[in-house]
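Trainee: Okay, handing you the structure first.
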Amino acid sequence: MAYTVAGVTLPRRAFVVAMATTLLTVAGCDAIDAGTEPSPGTSGLDTLRTDPDPIATRFPGLGEFTDVHWIAWYRTDPRVPGPNAYDLQALVVLSPADAAAAEANYVWEPAPTEVHATLREELRPYVPVEADWRSNEQYEQDVAAEGYAGTVYVDLASGTVYLQTLLE
């Protein structure tokens, strides 16, 4: 048996394959429209978060912390197939013991850039008043788990750590 579609006659098997491919393609598109932005609310991205586990897992060398605020957002277009990259920024308040250890065990230099220039608006209320951001390359390496790296600045007076990293 043959089927004619748009003036083309196809054998039954070819017709079934063509229809199945079309249906799967349409179903896979779901509600994605090239003119719409991804929904951060459903992805958990672009939302201020306070759950500590994602930060503690990626930055175990921070030690214990008493407070955390963080946000992640798409760096790549999530509508494009393949792995997506995310930027993450966090403000973490270290426990007094871990803040004291960080201050004592590293030689701190003034941070090379102004944190406020790149800080997401959602995090600004959690920046210490008159923060004096400091950096140390070894501390950056020591706090991150294998496979993670990024910018790490510390305000020694408050024990607050600023993190910015790319997640893939």
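Trainee: Out of curiosity, is Glu114 touching a His at 6+ places or on another chain (Cβ under 9 Å) and more than 12 Å from Leu156 (Cα to Cα)? Working first, answer last.
Mentor: Numbers: touching a His at 6+ places or on another chain (Cβ under 9 Å): no; more than 12 Å from Leu156 (Cα to Cα): yes.
Taking the combined requirement at face value, the residue does not satisfy it.
Trainee: Based on this model, can you work out whether Asp46 counts as closer than 14 Å to Val152 by Cβ and modelled with pLDDT of 80 or more?
Mentor: Taking the combined requirement at face value, the residue does not satisfy it.
Trainee: Could you tell me whether the stretch 142-156 includes any residue that is modelled with pLDDT of 90 or more, assigned by TED's automatic domain parsing to the domain that holds Ala102, loosely packed, with under 12 Cβ neighbours inside 10 Å and not in a loop (DSSP other than H, G, I, E, B)?
Mentor: Among the residues of the stretch 142-156, not one is modelled with pLDDT of 90 or more, assigned by TED's automatic domain parsing to the domain that holds Ala102, loosely packed, with under 12 Cβ neighbours inside 10 Å and not in a loop (DSSP other than H, G, I, E, B), which makes the answer no.
Trainee: Just one of Asp67, Asp87 is assigned to a strand (DSSP E or B), at pLDDT below 95 and surrounded by 13 or more Cβ atoms within 10 Å (Cβ to Cβ); which is it?
Mentor: Values: Asp67 fails: at pLDDT below 95.
Selected residue: Asp87, the only one of Asp67, Asp87 that is assigned to a strand (DSSP E or B), at pLDDT below 95 and surrounded by 13 or more Cβ atoms within 10 Å (Cβ to Cβ).
Trainee: Now for a separate question. For the stretch 91-121, give me each residue that is hydroxyl-bearing (Ser, Thr, Tyr) and in a helix (DSSP H, G or I).
Mentor: Within the stretch 91-121, the subset hydroxyl-bearing (Ser, Thr, Tyr) is 95, 106, 113, 118.
Hit for the stretch 91-121 is Thr118, nothing else.
The values are calculated or read from the model by the stated rules, or taken from the named source; none is laboratory data. What you see is a predicted model, and the numbers here were worked out from it, not measured in a lab. Quick reminder, even Gly has a Cβ in these numbers, built from the backbone with ideal geometry, and neighbours come from all protein chains shown.
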